[in-house]
1. Among the residues of the range 109-135, write down those that are out of contact with any Ser or Thr (no Cβ under 6 Å at 6 or more places or on another chain), assigned to a helix (DSSP H, G or I) and surrounded by 13 or more Cβ atoms within 10 Å (Cβ to Cβ).
2. Here is a check on your reading of the model: is Ser175 farther than 24 Å from Gly67 by Cβ, modelled with pLDDT of 90 or more, polar (S, T, N, Q) and not assigned by TED's automatic domain parsing to the domain that holds Phe34?
3. All but one of (1) out of contact with any strand residue (DSSP E or B) (no Cβ under 7 Å at 6 or more places or on another chain); (2) modelled with pLDDT of 85 or more hold for Val231; state the number of the condition that does not hold.
4. Among the residues of the range 215-223, is any more than 24 Å from Leu48 (Cα to Cα), in a loop (DSSP other than H, G, I, E, B) and among the aliphatic types (A, V, I, L, M)?
5. Check whether at least one residue in the range 107-129 is in contact with a helix residue (DSSP H, G or I) (Cβ under 8 Å, 6 or more places away or on another chain), charged (D, E, K, R) and within 26 Å of Val248 (Cα to Cα), and report yes or no.
6. Take the residues of the range 198-220 that are within 21 Å of Tyr294 (Cβ to Cβ) and not hydroxyl-bearing (Ser, Thr, Tyr): which is surrounded by the most Cβ atoms within 10 Å (Cβ to Cβ)?
7. Being over 22 Å from Ala298 (Cα atoms), modelled with pLDDT under 85 and of a type in the set (S, T, N, Q) is the requirement here; does Ser99 meet it?
Amino acid sequence: MLRTRVVSGVLLVASLILLLYIDQGLAPWFPLWFLLAAFVMAAAGWELNGLMKESPSRPNPQVLAGGLLAMLAANWLPHLVQDCRTSEAVSAIVTEPSSTVAVLAWPFLSFTVVVMAAFVVESLRFTQPGRSVASIAGTILVVAYVGILGTFMIQMRWLDGSKHGLVPLAFLIASAKGADTGAYTVGRIAGRRKLWPAISPNKTVEGALGGLAFATIAAVLVEAFARRLPVDALGWAGAAFFGLTIGVIGQLGDLMESLIKRDCQRKDASAVVPGFGGVLDVLDSLLFAAPVAYGIWAWLGP
């Protein structure tokens, strides 16, 4: 299991690095990043819908698909409009689209429309009491979990300018997945005390501490690599703070996905990724960590 997980992890990271490197020449449109985000959002939404299909909060598949598509488009729209705008009318629509805060308005406005659409669609389908509110809640949960949290990871591609989005993403992925790897490895070797048995009986306190150490080391290594490029990053203290913080939040995200699976009485979201389970099982720590990583980079980054 450990060997399969390591091999799968190395292949996933190598594939992501290759994709981002090729996509770098296509800035600021980043079509390969768009295709990857579309695939991941679709797969994660499908897995969550599958987890929840036997629960009262079963999402509406049509609203779910449309909502995630709207969220995906909203993440690219401000950057494309900025690149293509040629008139004052278009300029009036976009207010500092490259700003780390202003750019988030687009997906959040789209999410507002999705929430309203979920209510309207369920009202048209209403026949008897007992399911409509739960279905609305389930649909909104999935779009928020995958779409809103995923927005912060998508937008990191444009942080520090379109040419240097690789560095913020490298910090996030290295720290979050370093925490996953450290928690799993140290937990298997030295785990004794259960961390949160009601949600995830296999996770241990020792593994969590190992995850924090691995995450911090991973962030410092990314800082060292960035300095050799040379590219401005977070500084040694900032990198250590980033790694430690993302190590905590990433592991919390892993636990929160475990909560969903346990509540839905499933061990894994699916079995499409050898050694991990489903796409959600790979993505869980990144989704929770991305908003915090985005905020730290906006605060401490160049």
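1. Keep residues of the range 109-135 that are out of contact with any Ser or Thr (no Cβ under 6 Å at 6 or more places or on another chain), which gives 109-117, 119-121, 123-125, 127-133, 135.
Next cut, assigned to a helix (DSSP H, G or I) only: 109-117, 119-121, 123-125, 132-133, 135.
Selection gives Ser110, Phe111, Val113, Val114, Val115, Ala117, Phe119, Val121, Ser132, Val133, Ser135.
2. On the way: farther than 24 Å from Gly67 by Cβ: yes; modelled with pLDDT of 90 or more: yes; polar (S, T, N, Q): yes; not assigned by TED's automatic domain parsing to the domain that holds Phe34: yes.
For Ser175, the condition - farther than 24 Å from Gly67 by Cβ, modelled with pLDDT of 90 or more, polar (S, T, N, Q) and not assigned by TED's automatic domain parsing to the domain that holds Phe34 - is met.
3. Among (1) out of contact with any strand residue (DSSP E or B) (no Cβ under 7 Å at 6 or more places or on another chain); (2) modelled with pLDDT of 85 or more, the lone unmet condition for Val231 is (2).
4. Of the range 215-223, the ones more than 24 Å from Leu48 (Cα to Cα) are 215-223.
The next check asks that each one be in a loop (DSSP other than H, G, I, E, B); those that pass are none.
Taking every residue of the range 215-223 in turn, none turns out to be more than 24 Å from Leu48 (Cα to Cα), in a loop (DSSP other than H, G, I, E, B) and among the aliphatic types (A, V, I, L, M).
5. If we filter the range 107-129 for residues that are in contact with a helix residue (DSSP H, G or I) (Cβ under 8 Å, 6 or more places away or on another chain), which is where we start, we get 107-111, 113-115, 117-119, 121-123, 125-126.
Add one more test, that the residue is charged (D, E, K, R), and what stays is 122, 125.
Remaining after also requiring within 26 Å of Val248 (Cα to Cα): none.
Among the residues of the range 107-129, not one is in contact with a helix residue (DSSP H, G or I) (Cβ under 8 Å, 6 or more places away or on another chain), charged (D, E, K, R) and within 26 Å of Val248 (Cα to Cα), which makes the answer no.
6. Filtering the range 198-220 for residues within 21 Å of Tyr294 (Cβ to Cβ) gives 211-212, 215-216, 218-220.
Remaining after also requiring not hydroxyl-bearing (Ser, Thr, Tyr): 211-212, 215, 218-220.
Details: Gly211: 28, Leu212: 22, Ala215: 33, Ala218: 26, Ala219: 30, Val220: 18.
Ranking the qualifying residues of the range 198-220, first place goes to Ala215.
7. No.
Quick grid of which residues meet (1) aromatic (Phe, Trp, Tyr); (2) surrounded by fewer than 17 Cβ atoms within 10 Å (Cβ to Cβ); (3) in contact (Cβ under 8 Å) with a residue 12 or more places away in the chain; (4) outside any helix (DSSP H, G or I):
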| site | (1), (2), (3), (4) |
| --- | --- |
| Ala226 | no, no, yes, no |
| Ala233 | no, no, yes, yes |
| Ala237 | no, yes, no, no |
| Thr245 | no, no, yes, no |
| Gln251 | no, no, yes, no |
| Asp254 | no, no, yes, no |
| Ser258 | no, no, yes, no |
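The values are calculated or read from the model by the stated rules, or taken from the named source; none is laboratory data. Note that the coordinates shown come from a computational prediction; the quantities given were computed from them, not determined experimentally. Heads up, the Cβs are rebuilt from the backbone with ideal geometry, glycines too, and the neighbour counts pull from every protein chain shown.
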